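Asks: Let me give you the structure first, and then I'll get to my questions.
Throughout, read-outs are computed from the coordinates displayed, never taken from laboratory work. Everything numeric here is computed off the predicted structure, so don't read it as measured data. So basically every Cβ, Gly included, is an ideal-geometry build from the backbone, and we count neighbours across all protein chains shown.
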Amino acid sequence: AQSVTQLDSQVPVFEEAPVELRCNYSSSVSVYLFWYVQYPNQGLQLLLKYLSGSTLVESINGFEAEFNKSQTSFHLRKPSVHISDTAEYFCAVRIASKIIFGSGTRLSIRP
Amino acid sequence: NAGVTQTPKFQVLKTGQSMTLQCAQDMNHNSMYWYRQDPGMGLRLIYYSASEGTTDKGEVPNGYNVSRLNKREFSLRLESAAPSQTSVYFCASSEAPLLNTEAFFGQGTRLTVV
């Protein structure tokens, strides 16, 4: 069975510090990978996605994620976070029509 | 462009009552999904519909039924609500499986069962 594991439920960081949110998945078939963000009291928005090609994908607001097939990981990174990045982040995998999510990582930014 | 629309936005039910959550998308997507979001549990897939006329169980289907009414609409029914079904429910849609695209989400329905 497929699964998605987000290893950290909460990550506190100082403003302008780097951050990494970890995601590992388990699947016996090819997957497609996504990171979503949920700001307080809002729905989910796509942050970035890996479908094929370059294993490093970037978002418009400075986040990047690298697909590592051998380690079955898709960790999300940002070199310098801002207060506005405070949100919950969800990793997701797609296998055919099925899309499943991890348990989420709450990113809190300290001034 | 409305995207994915869920109704209602809020609902309070008494234990044992039934209700249907409605979802409609205007993006001509083939696949639709229902998730529930609970603190610390992330989003868990309840049911999904790969295309009109098909539905499949997800990770937590017990206590729920779904209907893919047409290509646009996918409803979720609670026949006899229980306090354990208190949650935020999200509907989502995506394009055909071969395109392997992301899911687009509605704004959610906050359901409380007392």
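Asks: Please compute the average number of Cβ atoms from other chains found within 10 Å of each residue's Cβ in peptide A:39-47. Spell out each step's value before the answer.
Replies: Details: counts 0, 0, 2, 3, 11, 12, 3, 5, 1.
Counting other chains' Cβ atoms within 10 Å and averaging over A:39-47 gives 4.
Asks: OK, next. Under the definition of partner shielding as Cβ atoms of other protein chains within 10 Å of a residue Cβ, what is the mean value for peptide A:3-10? It would help to have the intermediate numbers written out before the result.
Replies: On the way: counts 1, 1, 0, 1, 0, 0, 3, 1.
Counting Cβ atoms of other protein chains within 10 Å of each residue's Cβ and averaging gives 1.
Asks: So what is the relative contact order for region B:11-58, in percent, with contacts set as C-alpha pairs under 8 Å and at least six apart?
Replies: 26 percent
Asks: Give me the dipole magnitude in Debye, nearest 20, for the protein assembly as shown about the Cα centre, with unit charges on the beta carbon: positive for Lys and Arg, negative for Asp and Glu. All intermediate terms of the calculation are to be shown ahead of the outcome.
Replies: Working: 19 positive and 18 negative charges, 109 e Å.
The calculated dipole for the protein assembly as shown is roughly 520 debye.
Asks: Taking the Cα-to-Cβ direction at B:Val88 and at B:Lys14 and moving 7 Å from each Cα, how far apart do the two end points lie in nm?
Replies: 2.8 nm
Asks: Which distance in nm do the two modelled labels at A:Arg110 and B:Ser67 give, with both placed 7 Å along the Cα-to-Cβ direction?
Replies: Rounded to a tenth, the inter-label distance reads 5.3 nm.
Asks: Say the dipole of the protein assembly as shown comes from +1 at the beta carbon of Lys and Arg and -1 at that of Asp and Glu; which of A:Cys23, A:Gly53, A:Val81 then lies farthest toward its positive end?
Replies: Going by the charge dipole, the pick is A:Cys23.
Asks: Got a sec? Charge dipole of chain B, +1 on Cβ for Lys and Arg, -1 for Asp and Glu; which of B:Ala103, B:Gln11, B:Pro61 is way out at the positive end?
Replies: Sorting the options by dipole projection puts first B:Gln11.
Asks: What residue among A:Gln71, A:Pro12, A:Gln38 has its Cα farthest toward the positive end of the dipole of chain A, where the charges are +1 on Lys, Arg and -1 on Asp, Glu, each on the Cβ?
Replies: A:Gln71
Asks: Please rank A:Ile109, A:Ile100, A:Ile83, fewest neighbouring Cβ atoms within 10 Å first, as an exposure proxy. The partial results should precede the final answer.
Replies: On the way: A:Ile109 19, A:Ile100 25, A:Ile83 11.
Least crowded to most crowded, the residues run A:Ile83, A:Ile109, A:Ile100.
Asks: Give the lysines reachable from A:Lys98 as a straight Cα distance under 20 Å; neighbours fewer than 8 places away on the same chain don't count.
Replies: Cα-Cα hits under 20 Å: A:Lys49, A:Lys69, B:Lys57, B:Lys71.
Asks: Order these by the 10 Å Cβ neighbour count, fewest first: A:Asp85, A:Asp8. Before the final figure, lay out each step's value.
Replies: On the way: A:Asp85 20, A:Asp8 15.
Lowest to highest Cβ neighbour count: A:Asp8, A:Asp85.
Asks: Related question: Taking the Cα-to-Cβ direction at A:Gln45 and at A:Glu58 and moving 7 Å from each Cα, how far apart do the two end points lie in nm?
Replies: Reported label-point gap for A:Gln45 and A:Glu58 is 1.9 nm.
Asks: How well do other chains shield peptide A:98-108, expressed as the mean number of their Cβ atoms within 10 Å of each residue Cβ? Kindly include the intermediate steps, with their values, before the conclusion.
Replies: Details: counts 9, 13, 9, 9, 2, 7, 6, 1, 2, 0, 0.
Mean partner-chain Cβ count within 10 Å for A:98-108: 5.
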